[in-house]
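The values are calculated or read from the model by the stated rules, or taken from the named source; none is laboratory data. This one's a predicted model, so the numbers in the text were calculated from it and none came from an experiment. In this analysis, Cβ positions are derived from the backbone assuming ideal geometry, glycine residues included, and neighbour counts consider all displayed protein chains. Side chains are part of the model used for accessible areas, which takes the heavy atoms of the whole protein and leaves out ligands, DNA and RNA. Shrake-Rupley method; radii C 1.70, N 1.55, O 1.52, S 1.80 Å.
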Amino acid sequence: MVMMLDELFSLRGKVALITGGSGAIGQGAAGVFIELGARVILAGRTEDHLEAARAALPADADVQTVLGDA
């Protein structure tokens, strides 16, 4: 039986917590996790940057942001 890649690497039902989520690498990682079906939590230190990162991701994606302090 041949397994499709999206089935092999599916993250449906999983949650990805991404620290540094408002940076370029964090946003890129979030996009991959979303494509694989994960819910995503972006953590960062600057509210404006987190909001911009969230806005750059698909509107229908299950993404939450968490503001932390330095």
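Numbers below:
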{"read-out": "Selection from region 32-53 of residues that are under 8 Å from the mean Cα position of the chain (by Cα) and open to solvent by 20 Å² or more (accessible area, probe 1.4 Å)", "value": "Val32, Phe33, Ile34, Arg39, Ile41"}
{"read-out": "Filter result (farther than 14 Å from Thr65 by Cα and surrounded by 15 or more Cβ atoms within 10 Å (Cβ to Cβ)) within region 13-30", "value": "Ala29"}
